[in-house]
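First comes the structure, then the notes that go with it.
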Amino acid sequence: MDALRARLPADWRVALEPEPVLGGEMLCVRAGPAAAPPLLLVHGLGQNGFTDWLPVMPALARDWRVLAVDLPGFGYSSASSARLSPTQFARVLERLLAREGRGPAAVAGHSMGGAVALRLAAEFPERVAMLLLVDVAGILHRTAFTKHMARLPLEGLPEPLRQPAERLRDLGQRLVERVFGLPLDAEGALRDNEWLWPLVMRDRSSINAGLALVDEDFSAALPAVRQPTQIIWGEADPIAPLRTGELLARRLPRAQLHVMRGIGHAPMHQAPQDFQALLLRVLREPPQPLLPASRRLPPADGPLPDLRCIGEADRRFSGRYREVWIERCNALRLTDVVAQRIVLRDSSVEMTGVQVRADDGVALDAAGSELLATACDFSGRIAVRSDGCRLDLAGVRLQAGGFALQALGASRVVASVSEISDAWYRGWWHEDRELQNEVLDPRAPLRPASPATPATPAPAAPAPAAAPSGSSRS
């Protein structure tokens, strides 16, 4: 502590304070005028703790009463063998802000800290005046996030992130094995047996928090965040893909995304001056939310055109169309497309902000294709029909008079913070599921994956029922 104080400006207050939620002590660093508006800084994974924010803290302390912490298990704070989840950390920070007694604070979170800040704003809105989110990790379903992490070159990672990345890469391999029916799911055992968690996670705070982070479901939290939100993202972030920033900007009610070109996961270290200038500016400005494409695109003068893409690669499309037909195309991107129907055949496509309203038909009809969809809306009698596809849906809304999703041939679907409203289910959807010859019923238990499982006749549609407690929306 003496060495830490010697590194910091003399007028900053540094103290280890009792932490009543998880126990032990938590490091708190206060800087800036006592009468200035409060700003809480929340760090990400790694034992650097609050010092990740040091490059910009002096500038922030000119206009804000800055409060930076080492979360329990990190930096100078006490270790904890409890599950270090965003929900737990949000409870810790709520008690801290309550003790401060200064009214709602602006809260800035980086990486895991951004997820903690989101949970804090959703669960304790009276404590948060506004949000500043930087390269938030953990919003995607753990399968989508882990598969992304599994592709990382570990040699290029900062040292504090290398150990959790290695653990997540190992988790990714286990998930791949689980896809092929091997009974290896150690993480599931930890989730289902609370007594086992402290035995395995003692003195492994980064791994503990990393696994708890990717296991958390933010589906209900995002629409509950009503505070103005500014989002800063490194375009080249290999850990938390820019796709997550697009999702948050399009699904949080009052949010704006600012992209730093050529920057990775830690802009405060990789481009400190540019990051500081952007940070100071957006903290003073209200966000300018992005309107849905249907409200931004000019109305059509006449009949809507059709879009045909056959045997092409690396194309970009936006605009209003009647029907979009994509066949044998690779690396296509549809951004802010509004259509009455989309058909995919043997193609790989990314969609962002796409809106399809099919009325009595099928909104998205896909066969033999890979789809990465972010913040899209599909509405029809059947919202999505999949025949032998791999679908990665994040922040996607499926609205259907009949089925939200119908699978013909075997299809793999990963859904992150998504939403369903059809004749049998209304609620959130955040899971990894295999479907074949059936319609989606999120209430049905997941069954072990096995490529050798023979096709079975499609079952009768489930009887209409109210959404389960805690999952429906009024």
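Residues checked against (1) buried (at least 17 other Cβ atoms within 10 Å of the Cβ); (2) closer than 30 Å to Leu132 by Cβ; (3) free of Cβ contacts under 8 Å to residues at least 40 places away in the same chain:
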site	(1), (2), (3)
Ile232	yes, yes, no
Pro241	yes, yes, no
His269	no, yes, no
Arg284	no, yes, yes
Asp301	no, no, yes
Gly319	yes, no, yes
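Of the helices (runs of 4 or more DSSP H) lying entirely inside region 249-367, the ones with 1 or more residues being under 30 Å from Asp63 (Cβ atoms) are found at 267-270, 272-284. Do you know which residues across region 305-319 are within 28 Å of the chain's Cα centre (by Cα) and among the charged types (D, E, K, R)? If the condition is that a residue be within 28 Å of the chain's Cα centre (by Cα) and among the charged types (D, E, K, R), then Asp314, Arg315, Arg316 are the ones that fit. For Leu304, the conditions (1) under 30 Å from Gly113 (Cβ atoms); (2) not assigned by TED's automatic domain parsing to the domain that holds Leu54 are fulfilled apart from (1).
Answer with yes or no whether Leu39 is part of a strand (DSSP E or B), buried (at least 17 other Cβ atoms within 10 Å of the Cβ) and either without any contact (Cβ under 8 Å) to a residue 12 or more places away in the chain or within 25 Å of the chain's Cα centre (by Cα) (or both).
Against the criterion (part of a strand (DSSP E or B), buried (at least 17 other Cβ atoms within 10 Å of the Cβ) and either without any contact (Cβ under 8 Å) to a residue 12 or more places away in the chain or within 25 Å of the chain's Cα centre (by Cα) (or both)), Leu39 qualifies.
Yes or no: Val413 farther than 19 Å from Gln340 by Cβ and out of contact with any Ser or Thr (no Cβ under 6 Å at 6 or more places or on another chain)? Spelling it out, Val413 is indeed farther than 19 Å from Gln340 by Cβ and out of contact with any Ser or Thr (no Cβ under 6 Å at 6 or more places or on another chain). When Leu16, Leu45, Leu54 are checked against the criterion of being within 21 Å of Ala266 (Cα to Cα), surrounded by fewer than 20 Cβ atoms within 10 Å (Cβ to Cβ) and hydrophobic (A, V, I, L, M, F, W, C), a single residue qualifies: Leu54. Would you call Arg178 of a type in the set (Lys, Arg) and modelled with pLDDT of 85 or more? For Arg178, the condition - of a type in the set (Lys, Arg) and modelled with pLDDT of 85 or more - is not met.
Of the candidates Leu171, Leu154, the single residue that is at pLDDT below 95, crowded, with 18+ Cβ neighbours inside 10 Å and not assigned by TED's automatic domain parsing to the domain that holds Pro18 is Leu171.
Residue count for region 380-394 satisfying the condition of being free of Cβ contacts under 8 Å to residues at least 24 places away in the same chain and closer than 20 Å to Ser294 by Cβ: 2.
So which of Leu297, Leu248, Leu252 ends up being farther than 27 Å from Ala36 by Cα and in the same structural domain as Gln355 (by TED's automatic domain parsing)?
The match here is Leu297.
Checking each residue in region 243-260 for being over 22 Å from Arg284 (Cα atoms) and either of a type in the set (Ser, Thr, Tyr) or surrounded by fewer than 19 Cβ atoms within 10 Å (Cβ to Cβ) (or both) picks out only Thr244.
Restricting attention to region 118-125, does a residue exist that is assigned to a loop (DSSP other than H, G, I, E, B), out of contact with any Cys (no Cβ under 7 Å at 6 or more places or on another chain) and either farther than 25 Å from Leu247 by Cα or of a type in the set (A, V, I, L, M, F, W, C) (or both)? Yes, region 118-125 contains a residue that is assigned to a loop (DSSP other than H, G, I, E, B), out of contact with any Cys (no Cβ under 7 Å at 6 or more places or on another chain) and either farther than 25 Å from Leu247 by Cα or of a type in the set (A, V, I, L, M, F, W, C) (or both).
Any residue that is among the small types (Gly, Ala, Ser) and farther than 24 Å from Gly395 by Cβ - is there at least one of those in region 333-344? For region 333-344, residues among the small types (Gly, Ala, Ser) and farther than 24 Å from Gly395 by Cβ: absent.
If you go through region 374-390 and keep only what is under 29 Å from Gly245 (Cβ atoms) and either not in a strand (DSSP E or B) or not assigned by TED's automatic domain parsing to the domain that holds Arg345 (or both), you end up with Ala375, Cys376, Cys389. A count restricted to region 415-431 and to residues that are within 19 Å of Glu370 (Cβ to Cβ) and at pLDDT below 95 stands at 1. Against the conditions (1) modelled with pLDDT of 95 or more; (2) polar (S, T, N, Q); (3) surrounded by fewer than 20 Cβ atoms within 10 Å (Cβ to Cβ), Ser294 satisfies every one except (1). Please determine whether any residue of region 83-106 is under 26 Å from Glu235 (Cβ atoms), outside the structural domain of Leu372 (by TED's automatic domain parsing) and out of contact with any helix residue (DSSP H, G or I) (no Cβ under 6 Å at 6 or more places or on another chain). For region 83-106, residues under 26 Å from Glu235 (Cβ atoms), outside the structural domain of Leu372 (by TED's automatic domain parsing) and out of contact with any helix residue (DSSP H, G or I) (no Cβ under 6 Å at 6 or more places or on another chain): present.
Residues being of a type in the set (A, V, I, L, M) and closer than 26 Å to Gly302 by Cβ: count how many of those fall in region 333-376.
Count: 13.
The rows are residues; the columns are (1) out of contact with any helix residue (DSSP H, G or I) (no Cβ under 9 Å at 6 or more places or on another chain); (2) of a type in the set (S, T, N, Q); (3) at pLDDT 95 or above.
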| site | (1), (2), (3) |
| --- | --- |
| Val214 | no, no, no |
| Pro228 | yes, no, yes |
| Glu235 | no, no, yes |
| Pro238 | no, no, no |
| Glu246 | yes, no, yes |
| Gln256 | no, yes, yes |
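The set of residues from region 86-122 being farther than 16 Å from Met26 by Cα, small (Gly, Ala, Ser) and in contact (Cβ under 8 Å) with a residue 24 or more places away in the chain comprises Gly103, Ala105, Ala106, Ala108, Gly109, Ser111, Gly114, Ala115, Ala117, Ala121, Ala122. Here are some residues: Arg341, Arg328, Arg322. Which one is of a type in the set (Lys, Arg) and more than 24 Å from Gly409 (Cα to Cα)? Just a single option satisfies the conditions, and that option is Arg322. Of Arg95, Arg62, which residue is of a type in the set (D, E, K, R) and part of a helix (DSSP H, G or I)? After applying the criteria, what remains is Arg95.
The values are calculated or read from the model by the stated rules, or taken from the named source; none is laboratory data. Please read all numbers here as calculations on a predicted model, not as lab measurements. Counting neighbours? That spans all protein chains shown, and the Cβs are built from the backbone with ideal geometry, glycine included.
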